[in-house]
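The values are calculated or read from the model by the stated rules, or taken from the named source; none is laboratory data. Quantities reported herein were computed from a predicted structural model and do not represent experimental measurements. Please note: Cβ atoms are built from the backbone with ideal geometry, for glycine as well, and neighbour counts cover all protein chains shown.
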Amino acid sequence: MFGYRGKILRVNLSSQDISEMALDQDVAREFIGGIGLAASILYDMVDKDTDPLGPNNPLLILNGPFCGTMIPTGSKAAMCSKSPQTDLWGHSIFGGHFGANLKFAGYDGILIEGSSEKPCYILVDDSNVEVRNAEHLWGRNTEETWDTLKEETGLRNAGVARIGLAGENLVRYACVCVDHYRAAGRTGMGAVMGSKKLKAIVVNGTDRNVPVADPDGLNELAKSLNESLSEDPTFNMYSELGNAGYVDMASMMYGSLPAGYYTVSDFDSYNLSGTTMRETILVGKSACYRCPIGCGRVIEIKEGKYATGRFAGPEYEVIGSMGTLILTNDLEAVTFTAKQMELLGIDFISGGSTIALAYYLFKEGRITAKDLDGITPEWGESDSALALLAKIAKREGVGNIMAEGSLAFAKKHGCEELAAQVNGLEMPMHDPRGFSGMAIGYATSPRGACHMTADMYNVQMGQTNEALGIESQNRFTNEAEITAKQQNLRCVTNSLLICHYYPALAEELVEFIQKTTGWKDYSVEQLAESGERIFTLLRLFNLKMGYRTENERLPEIVLSPLEGPTEGYVPDVDEMLDTWYQFRGWDRKTGMPPKKRIKELGLSSFIQ
Amino acid sequence: MGDNKFIFPSEEWIEKYEEVLNASKEYEDAAYDWEGDFVFEIEPDGEIIKESIRFYLDLWHGKCRSARMAGANDTAEFTYAGPYKNWKLLFDKKIDPIKGLMQRKFKLGKGNDMGKIMRYTKAAMELVNATTKVPTKFLDE
């Protein structure tokens, strides 16, 4: 079985049982790996009544067929579970070296069930697997936890996924930090780990010989593609400036970097960009396994209020959520805030957006200092954000309701429509008024307002995939059909677990698949069908969880026109939904795909 | 020059372009602190363009200090290159300078500073906007 190890490790934290389950080759071909394979496994294990923070909600971490091979950026991994933020499908994809280590240890994934009585961590050292006591780590931040685990296991190069205080306290948007501050940020996977009293997972693998069908061909293809992509502008931008390199373009050219909690159009973000970072606090770069880009930033602030030793630099999303969204353009302040979020284990997007909502409501007079335990947030300052973060991570005072997310917080204050979220997941820093595709993408994403299941900002800026019919004409028109195609493509890349920053075309992905797995007849058409199959499966999963099409909408806060680069555009989500449902051939009222197509896609066993 | 239009590319076109650019308030504002020169290169396509054609722009603090046809050995801080048909798309505003790069219709010279370009996306747009104000006749028209 090329590209796979053929087995998934299974750890039950309630019974402490450790076993393995076989990965069927046919299932692998149908669902690939990552989110596709995870959805096919988890579908039968959870239902509408499963408490996402209860012992019956499994956590499944999978890598993909490219993982551990020479395919550039193909060694990411996915954490999947029912989401405590949305009560729907949850996944979060992360980089680092964790995925490759898991593959080298001999596994395509780890299925974690039940929950431990006491804090614990899982140690996978090749085939030696243990559940170890983690009481000494409970309450410690993600940096201390990482350092301690490397020290006590003696595995200095192991992949380490760990939670901070937020995960322990079941903050619904707690993230999982992985290796050098890559993160499974979205949909609350840190809270799922916390609910299992699982502080960390340490994985060390030594068998680097991942079997592939055509090693020489794969090597050659990877080399030539790396060479040709070295001229690609996005490749270069991420390499030179990190994803914060996009800040200037997003704010100045497209108006898609939201500011002042989605109400300000002319905020100067010059000081927050990747270029400024390079000129000021940047001291190095970091890269995931087999990544020629190295988008990770390493910074140091030598003196002043926000002084910090070498640490991960802020990336685009937190520059938005803890910078422009609260009208702060102090890069050092944002960097320091981002570091606190990583130490506490809080998702940059949901955590930052929830705090920014508090700033906005305070400014609008909808809440007072009394509602915020005496904190008085003002646009442009970061001290209040830092104070609120600490409260959220501990669920202390106002932090308890804010830990539930921006929707719960807004509901408490009678202004649900002001929470920038869909299905309970906060919007990332890509304003749908800047790109119409983001609007329909958010409304129909399997995991709430999400930019990773349809990165239409890339497409509407010009990224194309001609073989799949993905080419934007105008960022202010109804491109719902293109969005659906991009969603399908992302279902494939999120199952292959190759990084979105590596701009491979569909034909190139197909070549990689053929040479890795030996599926010689795999074609672009099959890739498109794989994407449709996985997207459809995610919808079936969500329907089983109680998905409601009434929630396929955007909140009012992002539906007021703004001047500037968005040119007053407001997306007509309803019209786009018509197009989207028509293209997919699904029932718009129920959200259900037709049985005939479900059968054709081989998904009949996933109908309730 | 025919029909009061300037043939692109030609010395006359570039001369007119320099004049238009220096009259552009929008460009001046967007590029008020820009310092750097450009070589724009029209790559050979085997049909309309047999050998690469290059022109040089010295851009400084919102103004164009000089513009001229350039030889193969002329260098600049930045090179922006693409085939003739894509230059036409750019001038017709069917694509913008950044979209052109994203779509791989244009490329920047090896080692050119992406960060600096990102900083001045507005200025880049105005550079293109100025081309639309030059009455242009293309070689294949």
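Residues of region A:164-185 that are buried (at least 23 other Cβ atoms within 10 Å of the Cβ) and either in a strand (DSSP E or B) or in contact with a Ser or Thr (Cβ under 7 Å, 6 or more places away or on another chain) (or both): A:G164, A:Y173, A:A174, A:V176, A:C177, A:V178, A:R182, A:A183, A:A184, A:G185.
In a residue-by-residue description of region A:196-216, the property of being of a type in the set (D, E), at pLDDT 95 or above and closer than 30 Å to A:P55 by Cβ applies to no position.
Out of everything in region A:187-221 that is of a type in the set (D, E) and in a loop (DSSP other than H, G, I, E, B), what residue ends up being farthest from A:C80 (Cα to Cα)? Ranking the qualifying residues of region A:187-221, first place goes to A:D214. Evaluated against (1) touching a residue at least 12 places away in the same chain (Cβ under 8 Å); (2) within 14 Å of chain B (Cβ to nearest Cβ); (3) over 28 Å from A:G188 (Cα atoms); (4) outside any loop (DSSP other than H, G, I, E, B), A:N236 falls short on exactly one condition, (1).
Restricting attention to region A:274-293, the residues that are within 14 Å of chain B (Cβ to nearest Cβ) and either touching a strand residue (DSSP E or B) at 6+ places or on another chain (Cβ under 7 Å) or among the charged types (D, E, K, R) (or both) add up to 5. Residues in region A:205-231 that are in contact with a Phe, Trp or Tyr (Cβ under 9 Å, 6 or more places away or on another chain) and within 14 Å of chain B (Cβ to nearest Cβ): 2 in all. Kindly provide the set of residues from region A:256-297 that are closer than 26 Å to A:L357 by Cβ, at pLDDT 95 or above and assigned to a loop (DSSP other than H, G, I, E, B), ordered by number. Hits for region A:256-297 are A:S256, A:L257, A:P258, A:G260, A:Y261, A:Y262, A:T263. Each residue in region A:198-216 was checked for being buried (at least 19 other Cβ atoms within 10 Å of the Cβ) and either without any contact (Cβ under 8 Å) to a residue 24 or more places away in the chain or under 30 Å from A:H136 (Cα atoms) (or both), and 8 pass.
Among the helices (runs of 4 or more DSSP H) confined to region A:378-420, the ones with at least 1 residues that are in contact (Cβ under 8 Å) with a residue 60 or more places away in the chain and touching a helix residue (DSSP H, G or I) at 6+ places or on another chain (Cβ under 6 Å) are located at A:383-394. Tallying residues that are touching a Phe, Trp or Tyr at 6+ places or on another chain (Cβ under 6 Å) and either under 13 Å from B:L127 (Cβ atoms) or without any contact (Cβ under 8 Å) to a residue 60 or more places away in the chain (or both) within region B:62-77 yields 5. Summed over region A:438-479, residues that are more than 11 Å from chain B (Cβ to nearest Cβ), more than 28 Å from A:L88 (Cα to Cα) and touching an Asp or Glu at 6+ places or on another chain (Cβ under 6 Å) total 1. One residue stands out in region B:110-135 among those that are farther than 14 Å from B:G36 by Cα and in a loop (DSSP other than H, G, I, E, B): the one that is nearest to the other protein chains (Cβ to nearest Cβ), namely B:K110.
No other residue among A:E575, A:E567, A:E550, A:E563 is in contact (Cβ under 8 Å) with a residue 60 or more places away in the chain and either part of a helix (DSSP H, G or I) or in contact with a helix residue (DSSP H, G or I) (Cβ under 6 Å, 6 or more places away or on another chain) (or both) apart from A:E575. Among the candidates A:E364, A:E396, which residue alone is under 29 Å from A:G309 (Cα atoms) and surrounded by fewer than 22 Cβ atoms within 10 Å (Cβ to Cβ)? On inspection, the qualifying residue turns out to be A:E396.
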